[in-house]
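Enquirer: Here it is, the structure, as structure tokens.
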Amino acid sequence: MQAIFTVANKEFHDGLRNRWVVAISLIFALLATGLAYFGAAASGQAGFTTLSSTLVSLASLAVFIIPLIALMLAYDAVVGEDENGTLLLLMTYPLSRWQLIVGKMLGHWLIMAFSTICGFGLSAIIIAVFSDTTSWSELLGPYSFFIICAILLGWIFIAIAYVISACVSEKSKAAGIALIVWFIFVLMFDLSLLGLLVSTEGNVNAQLFPYLLLLNPTDIFRLLIIGFFADQQLSGFMSIAQYAHFSTPLLFASLVIWFITPVLLAISLFNKRKL
Amino acid sequence: MSIVELSNVEKHYQNVHALKQLNLSLNQGEILGLFGHNGAGKTTTIKLILGLIKPSAGQVQVFGEDPAGDNAYHLRRQLGFLQENVSFYQQLTGLEVVSYFAKLKGCDKKQCGELLEQVGLSHAAKRRVKTYSKGMRQRLGLAQALLGEPKLLLLDEPTVGLDPIATQDFYQSIAQLKAQGSTVILCSHMLAGVEKYIDRALILGQGKLLAEGSLKQLRQQTDLPVSLHIYGSNITLPKQLQDKATTQDDGIHLQVSPQQKMATLRQIMMLSEVDNIDLHMPSLDDIYMHYMTDFQQKEHR
């Protein structure tokens, strides 16, 4: 156990040192505050809009940026150490393989959680202080929920990055695959579902079709946030979920499954990795 | 008890037969030199001893236990390893790198400073590894390998990138460790520097053991000639030496067997035309070359 914390601690401090934590926090804070203030710009007014519309639009932006950050943060976690020669060295220390990879993941999860809390937390404070329409008490619940979901989404993609990193032998390959994974989950997946809908002229099983959304963690995340605010309509692409009536616990559980699966996969792939 | 024991060890990779029937027994306090061409199986042997890979056949035992087994955990505290080309963590300082590894090994933090001092890095301890030269990285690696006073030290190309003085220092610290009772396995291409410090040499070729023994034993086994270079003009050698000699611009080159060395020298000393003599005993380099060419000829046949 001690070994895991030693590795996690080093990884977290690397994150601080490389300015990852500061960069991620800043991006999140700017994104959230900017959206809260200018969210209504399209309807011709600047100023803080309602909390629910802020968070829902933030969610649809976050699904682009969070996976990207998480993948960039961790794609070289294993393969980078291998190229440095430190992986081989570490394996000669009193440290088992699963301890090393779990320690490293833990460090990256902490970086993600810490920056998400700092970034979105800062924006929450700004909104609470400067907005007339939103009070502290109103803010606390929804914002906490949003932050928890955002952290989980980040953790999922960190775990996916570890899966990639554990099974390739070159850093550049890991980077390429990470980019493809991001492209698939964030852009391709929704487009293909949409394409399927259009090409069949909507002639799909309305009961079954929404469940396809559960195959993509970014869609689950969006549904979770939208579902949390009852006053927000499922609009656009997300509206295909309205037939299924996913409950929040179900969505959250699917997100947790999406988290656990790549973690286990990464550990087992790393155990089989040749040194 | 032998520290390292390899019995009939075989290692196959997908298409490569990396080790063939290797036997090795290493006693406490011995320094073993492991030599061979690229791909001869040196690194494979080291990885087997470290427990990083398992043998395809045969048995590996370190301190009487399987290094890749479930009990290997506490075994690794007594191991020190320095591999080829380790660049460490560029963003960390030298001291931070050693501290990290010390923590993982469960060593006292005080050791880090002392070890950096010992390898001559204390002036750069607070600098980032990124700014280190290759030799400095190598020293950092050595400091790391010496953490926790290891009973068994495995060093793969430890003197690459070190200047002659640093190399000298390095071999001195190895001799010190030996005096403290540590066992050392040393892999190197630089045979010339190593021969004084090793107790025993092991020469591998294509995964096979080509030769094993102390330098003296190997010299006997190979029976390589002693070379004499005799400077002077108009030298007439005694009859029995003439067929072993080749005349060169500045003198005569003579090769005799080690047993005849003293007798030959006496005869040459008698000659008044001789200005100077260079004597060259078969070095580890020569022995290595001998086994390698021998081996290659057999392979071609």
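Enquirer: Out of the residues in the stretch B:292-301 that are part of a helix (DSSP H, G or I) and exposed (fewer than 12 other Cβ atoms within 10 Å of the Cβ), which is farthest from the chain's Cα centre (by Cα)? Quick ask: steps written out before the conclusion?
Expert: In the first step, residues of the stretch B:292-301 are kept if they are part of a helix (DSSP H, G or I); the result is B:292-300.
Pick out the ones that are also exposed (fewer than 12 other Cβ atoms within 10 Å of the Cβ) and you get B:293, B:297-300.
Values: B:293: 20, B:297: 25, B:298: 25, B:299: 25, B:300: 28 Å.
Across the stretch B:292-301, the extreme among qualifying residues is B:300.
Enquirer: Which one of these is modelled with pLDDT of 90 or more and either away from chain B (no Cβ under 14 Å) or in contact with a Lys or Arg (Cβ under 6 Å, 6 or more places away or on another chain) (or both): A:86, A:116, A:133? Before you say what the answer is, go through the steps one by one.
Expert: Numbers: A:86 fails: either away from chain B (no Cβ under 14 Å) or in contact with a Lys or Arg (Cβ under 6 Å, 6 or more places away or on another chain) (or both); A:133 fails: modelled with pLDDT of 90 or more.
Exactly one of A:86, A:116, A:133 is modelled with pLDDT of 90 or more and either away from chain B (no Cβ under 14 Å) or in contact with a Lys or Arg (Cβ under 6 Å, 6 or more places away or on another chain) (or both), namely A:116.
Enquirer: Is there any pair linking a residue in the stretch B:227-244 that is surrounded by 16 or more Cβ atoms within 10 Å (Cβ to Cβ) to one that is among the polar types (S, T, N, Q), with Cβ under 6 Å and at least six apart or on different chains, and which?
Expert: Cβ pairs passing all conditions: B:244/B:255.
Enquirer: Taking the criterion of being surrounded by fewer than 18 Cβ atoms within 10 Å (Cβ to Cβ), within 14 Å of the chain's Cα centre (by Cα) and either more than 11 Å from chain B (Cβ to nearest Cβ) or at pLDDT 95 or above (or both), would at least one residue in the stretch A:33-55 satisfy it?
Expert: Taking every residue of the stretch A:33-55 in turn, none turns out to be surrounded by fewer than 18 Cβ atoms within 10 Å (Cβ to Cβ), within 14 Å of the chain's Cα centre (by Cα) and either more than 11 Å from chain B (Cβ to nearest Cβ) or at pLDDT 95 or above (or both).
Enquirer: Within the set of pairs 6+ apart or on separate chains, which have a first residue in the stretch A:62-80 that is touching a residue at least 12 places away in the same chain (Cβ under 8 Å), a second that is assigned to a loop (DSSP other than H, G, I, E, B), and C-beta atoms under 9 Å apart?
Expert: Correct list of pairs: A:78/A:168; A:78/A:273; A:79/A:168; A:79/A:169; A:79/A:170.
Enquirer: Would you mind telling me which numbered condition in (1) within 22 Å of the chain's Cα centre (by Cα); (2) more than 26 Å from residue B:8 (Cα to Cα) residue B:199 fails?
Expert: Condition not satisfied by residue B:199: (2).
Enquirer: Scan the stretch B:158-178 and give yes if some residue there is in contact (Cβ under 8 Å) with a residue 60 or more places away in the chain and in contact with a helix residue (DSSP H, G or I) (Cβ under 9 Å, 6 or more places away or on another chain), otherwise no.
Expert: Yes, the stretch B:158-178 contains at least one residue that is in contact (Cβ under 8 Å) with a residue 60 or more places away in the chain and in contact with a helix residue (DSSP H, G or I) (Cβ under 9 Å, 6 or more places away or on another chain).
Enquirer: Another one. Take residue B:83 and decide whether it is in contact with a strand residue (DSSP E or B) (Cβ under 7 Å, 6 or more places away or on another chain), at the interface with chain A (Cβ under 7 Å from one of its Cβ atoms) and not small (Gly, Ala, Ser).
Expert: Against the criterion (in contact with a strand residue (DSSP E or B) (Cβ under 7 Å, 6 or more places away or on another chain), at the interface with chain A (Cβ under 7 Å from one of its Cβ atoms) and not small (Gly, Ala, Ser)), residue B:83 qualifies.
Enquirer: Hey, residue A:99 hits all of (1) modelled with pLDDT of 90 or more; (2) more than 19 Å from residue B:88 (Cβ to Cβ); (3) away from chain B (no Cβ under 14 Å) but one; which does it fall short on?
Expert: Result: residue A:99 fails condition (3) only.
Enquirer: Looking at (1) within 12 Å of another protein chain (Cβ to nearest Cβ); (2) under 27 Å from residue A:103 (Cα atoms), find the lone condition where residue B:113 falls short.
Expert: Tallying (1) within 12 Å of another protein chain (Cβ to nearest Cβ); (2) under 27 Å from residue A:103 (Cα atoms), residue B:113 fails exactly one: (1).
Enquirer: Yes or no: the stretch B:89-107 includes at least one residue that is within 14 Å of chain A (Cβ to nearest Cβ) and among the acidic types (Asp, Glu).
Expert: yes
Enquirer: Within the bounds of the stretch A:70-83, is there any residue that is more than 23 Å from residue A:17 (Cα to Cα), away from chain B (no Cβ under 14 Å) and part of a helix (DSSP H, G or I)? Write out each step before concluding.
Expert: Taking the stretch A:70-83 and keeping what is more than 23 Å from residue A:17 (Cα to Cα), we get none.
No, every residue in the stretch A:70-83 fails to be more than 23 Å from residue A:17 (Cα to Cα), away from chain B (no Cβ under 14 Å) and part of a helix (DSSP H, G or I).
Enquirer: Which one of these does residue A:15 not meet: (1) modelled with pLDDT of 90 or more; (2) away from chain B (no Cβ under 14 Å)?
Expert: That leaves (2) as the condition not met.
Enquirer: Check B:114, B:149, B:157 and return the single one that is out of contact with any Gly (no Cβ under 7 Å at 6 or more places or on another chain), within 19 Å of residue B:194 (Cβ to Cβ) and either acidic (Asp, Glu) or exposed (fewer than 15 other Cβ atoms within 10 Å of the Cβ) (or both). Walk me through how you get there before you give the answer.
Expert: Details: B:114 fails: within 19 Å of residue B:194 (Cβ to Cβ); B:149 fails: within 19 Å of residue B:194 (Cβ to Cβ).
So the residue among B:114, B:149, B:157 that is out of contact with any Gly (no Cβ under 7 Å at 6 or more places or on another chain), within 19 Å of residue B:194 (Cβ to Cβ) and either acidic (Asp, Glu) or exposed (fewer than 15 other Cβ atoms within 10 Å of the Cβ) (or both) is B:157.
Conditions tested, residue by residue: (1) over 25 Å from residue B:177 (Cα atoms); (2) surrounded by 21 or more Cβ atoms within 10 Å (Cβ to Cβ); (3) within 14 Å of chain A (Cβ to nearest Cβ).
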residue	(1), (2), (3)
B:12	yes, no, yes
B:21	yes, no, no
B:44	no, yes, yes
B:48	no, yes, yes
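Enquirer: Please verify whether the stretch B:56-73 includes one or more residues that are farther than 22 Å from residue B:138 by Cβ, within 7 Å of another protein chain (Cβ to nearest Cβ) and not in a loop (DSSP other than H, G, I, E, B). If you could, list the steps in order and put the result at the bottom.
Expert: Let us first name the residues in the stretch B:56-73 that are farther than 22 Å from residue B:138 by Cβ, namely B:56-73.
From what is left, the residues that are within 7 Å of another protein chain (Cβ to nearest Cβ) are B:73.
Then drop every residue that is not not in a loop (DSSP other than H, G, I, E, B), which leaves B:73.
Yes, the conditions are met somewhere in the stretch B:56-73.
Enquirer: Of all residues being more than 21 Å from residue A:214 (Cβ to Cβ) and of a type in the set (Ser, Thr, Tyr) in the stretch A:151-200, which is modelled with the lowest pLDDT? Just the residue, please.
Expert: Restricting to residues being more than 21 Å from residue A:214 (Cβ to Cβ) and of a type in the set (Ser, Thr, Tyr), the top hit is A:199.
Enquirer: Quick check: is even one residue across the stretch B:141-160 over 30 Å from residue B:17 (Cα atoms) and of a type in the set (Val, Ile, Thr)?
Expert: No, the stretch B:141-160 has no match at all.
Enquirer: Then there's this: Any residue in the stretch B:95-104 that is over 23 Å from residue A:79 (Cα atoms) and at pLDDT below 90?
Expert: No, there is no match, as no residue in the stretch B:95-104 is over 23 Å from residue A:79 (Cα atoms) and at pLDDT below 90.
Enquirer: Given the condition closer than 24 Å to residue A:114 by Cα, free of Cβ contacts under 8 Å to residues at least 24 places away in the same chain and of a type outside the set (Asp, Glu), answer yes or no: does some residue in the stretch A:150-172 qualify?
Expert: Filtering the stretch A:150-172 down to residues closer than 24 Å to residue A:114 by Cα leaves A:150-165.
If we keep only those that are free of Cβ contacts under 8 Å to residues at least 24 places away in the same chain as well, we get none.
Scanning the stretch A:150-172, I find no residue that is closer than 24 Å to residue A:114 by Cα, free of Cβ contacts under 8 Å to residues at least 24 places away in the same chain and of a type outside the set (Asp, Glu), so the answer is no.
Enquirer: Separate question: Count, please, the residues in the stretch B:125-148 that happen to be among the hydroxyl-bearing types (Ser, Thr, Tyr) and either part of a helix (DSSP H, G or I) or modelled with pLDDT of 90 or more (or both).
Expert: Taking the stretch B:125-148 as the starting set, the residues that turn out to be among the hydroxyl-bearing types (Ser, Thr, Tyr) are B:131-133.
So of that shortlist, the ones also either part of a helix (DSSP H, G or I) or modelled with pLDDT of 90 or more (or both) come out as B:131-132.
Count: 2.
Enquirer: Of the numbered conditions (1) of a type outside the set (Gly, Ala, Ser); (2) farther than 28 Å from residue A:103 by Cβ; (3) in a strand (DSSP E or B); (4) within 12 Å of chain A (Cβ to nearest Cβ), residue B:35 fails exactly one; give the number of that condition.
Expert: Every condition holds for residue B:35 apart from (4).
Enquirer: Here is a further query. Tally up the residues in the stretch B:143-154 that are more than 12 Å from every other protein chain (Cβ to nearest Cβ) and under 15 Å from residue B:183 (Cα atoms), please.
Expert: Of the residues in that region, 3 qualify.
The values are calculated or read from the model by the stated rules, or taken from the named source; none is laboratory data. As the structure is a computational prediction, the values presented were derived from the model and not from experiment. Don't worry about glycine lacking a Cβ; one is built from the backbone with ideal geometry, like all the others, and counts go over all protein chains shown.
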